[in-house]
Each structure stands twice: as C-alpha cells, then as structure tokens.
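Beneath this line is the structure, given in structure tokens, with notes to follow.
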Amino acid sequence: MSDLIEQAKKFAAYKAVDEHLPKNAKVVGVGSGSTVVYVVERLAQLKESHNLSEVVFVPTGFQSKQLIINNGFRLGSADQYAPGDLDVAFDGADEVDDQLNCIKGGGACLFQEKLVSLLAKKFVLVADSRKKSQRLGTTWTQGIPIEVVGIAYPKVTADLKKLGAKKVVLREGGKAKAGPVVTDNGNFILDVDFGPVQPEEVVPLHNQIKTLVGVVDTGLFDNAEIAYFGEADGTVTTRAKKV
Ligand code: 5RP
C-alpha cells in the first residue's frame, strides 16, 4: 500500500473523529478494516483531553475488539444496547455512491458492522478517495458481500442467480485458510456480482436478498450520515446524505 493511500486514510479518519466525536460521548461504535485503525489511533491521542477513559467502545468483530483492548479503552458489546444508544459509530467502506449508499464487508465483518451502525445516532464513514463512485458495483467489482449460514450456501447461491446475479463466489481463505472464510459469527461470505447498482435500486435489492432463507445480512448499507474521503493531495473531502 502506498504511503499516499495510508496518509489519505489517516487524514480522513482523524478529521471524521475530530468533527463527529461528541464532547460528552458515552458509547462509541468502532468499525473494521485498515482505515478504522486510524480512527482508533486518533481516539487514543484524544484519550486524556476528551476524557475517553470513561467512554465505552463497541466493536464490530475480532479486529476492532483487539484495537479497543490494545489501546486501553473500555470494551462494550452490541447486546448491551438499543438503537440510538451509541453516540456515533465510525467505519470504513469498500465503495460509496453519491447518495451515500455503500458496499461493506470486504473484511467479512458486515453483519456486526450493520448491527453497530444501527445502534448509533450517527454513522460516519471513513475511506480513501478510491472508494468514491457514482454507482455501487463500478469500483468495487468483486461483488456485494453477503453473509450466509454455512449449511444454506448452495441454496442461497441458486436463489441469488434466480434474482439476476451474474456471478456468485464463496469467499475462500486462500493461503491463510483452506476452505471458506468463516466470519466472526461462524458463517460464510458469498461475493455476489449484480453489476452496477443504481442508487435507487440499492434498498430494493437489499430487501430482496434479505428475504432469502439462509441470508444473515447483505453488505449494502444506506444509513451513513456522512463520508470522509482522504484525497491523494492530502486534503479530505466529504459527502453528506442528501435530504
Ligand atoms: C470490513 C469492512 C471494511 O470497513 C471495509 O472493507 C473497508 O476496509 P478498509 O478500510 O481496509 O478499506 O466493511 O467488513
């Protein structure tokens, strides 16, 4: 990964935290992936000045749980909270369209990421500018990640093809693991190519997939309030939800 891309992720993450961490935050959601590492880095820098030792941080999987613990923060769990209980949740994204719909799940954490995002009053995305697009499925072409219960994956694969999927791939562990990737929830991931998805088609497509028996959740999200993108020139741009 080039230094410029790492810098872009870092600047986006720092700015998002600086602008969206409330002064008297009590509970904060922490997403997954390489950009969120910089979110936690910034939170660690602000620990004393913002009294963050008192704040509870809710992870979205194994990686973010370790980030929270290793930075000496208080760890919470999604099952302690109801919608609106978290002040804010910060997370990365694989692709964001201009209506702020996004694809997530490149790191196979989509279910807990969605759960935590829905517990938060405000869901803030952080990414480098490669993640920006007009339509989902144009820059992120490996398919929409869909978490499925393992035993149901052949059935869901057939269902998805009937729904119009061009290609359905069971995500493999590659060199790191023989066989499929197993999520933090013990499920499999299907990467499903539906081609480019228009912004207005995102929610209907998610709803169709979600009704299939065996599907836990999809990597289609429509609930972000704002996205921060680190640009190659060192600046940070934002996209906010159009009302
Ligand atoms: C994990 C995710 C990540 O947030 C997404 O893949 C972005 O990761 P990165 O910040 O490394 O580009 O959805 O399931």
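The values are calculated or read from the model by the stated rules, or taken from the named source; none is laboratory data. Here the structure is a predicted model, which means the values were calculated and not measured. A quick note on method: Cβ atoms are made from the backbone with ideal geometry, for glycine too, and the neighbour counts reach across all protein chains shown. These area figures cover heavy atoms from the full protein model, side chains too; ligands, DNA and RNA do not enter into them. Shrake-Rupley method; radii C 1.70, N 1.55, O 1.52, S 1.80 Å.
In the range 27-46, of all residues being more than 10 Å from the ligand (Cβ to nearest atom) and small (Gly, Ala, Ser), the one that is least open to solvent (accessible area, probe 1.4 Å) corresponds to 29. Taking the listed residues 99, 66, 142, the one that is more than 12 Å from the ligand (Cβ to nearest atom) and part of a loop (DSSP other than H, G, I, E, B) is 99, with no other qualifying. Regarding residue 49, is this residue surrounded by fewer than 18 Cβ atoms within 10 Å (Cβ to Cβ), assigned to a loop (DSSP other than H, G, I, E, B) and within 11 Å of the ligand (Cβ to nearest atom)? Against the criterion (surrounded by fewer than 18 Cβ atoms within 10 Å (Cβ to Cβ), assigned to a loop (DSSP other than H, G, I, E, B) and within 11 Å of the ligand (Cβ to nearest atom)), residue 49 does not qualify. Filtering the range 184-204 to residues that are surrounded by 17 or more Cβ atoms within 10 Å (Cβ to Cβ) and touching a strand residue (DSSP E or B) at 6+ places or on another chain (Cβ under 6 Å) leaves 187, 188, 189, 190, 191, 192, 197, 202.
Check residue 122 against each of (1) open to solvent by 60 Å² or more (accessible area, probe 1.4 Å); (2) of a type in the set (Lys, Arg); (3) in contact with a helix residue (DSSP H, G or I) (Cβ under 7 Å, 6 or more places away or on another chain) and name the one condition it does not meet. Among (1) open to solvent by 60 Å² or more (accessible area, probe 1.4 Å); (2) of a type in the set (Lys, Arg); (3) in contact with a helix residue (DSSP H, G or I) (Cβ under 7 Å, 6 or more places away or on another chain), the lone unmet condition for residue 122 is (1).
Residues in the range 134-183 that are open to solvent by less than 30 Å² (accessible area, probe 1.4 Å) and under 16 Å from the mean Cα position of the chain (by Cα): 136, 137, 143, 144, 145, 146, 147, 183.
Selection within the range 3-14: residues that are within 15 Å of the ligand (Cβ to nearest atom) and open to solvent by 60 Å² or more (accessible area, probe 1.4 Å). The member of this set that is nearest to the chain's Cα centre (by Cα) is 10. The set of residues from the range 198-227 being within 30 Å of residue 17 (Cβ to Cβ) and among the β-branched types (Val, Ile, Thr) comprises 202, 203, 216, 218, 226.
Among the residues of the range 70-96 satisfying the criterion of being within 19 Å of residue 10 (Cα to Cα) and in a loop (DSSP other than H, G, I, E, B), which is farthest from the ligand (Cβ to nearest atom)? Filtering the range 70-96 for residues that are within 19 Å of residue 10 (Cα to Cα) and in a loop (DSSP other than H, G, I, E, B), the one farthest from the ligand (Cβ to nearest atom) comes out as 71.
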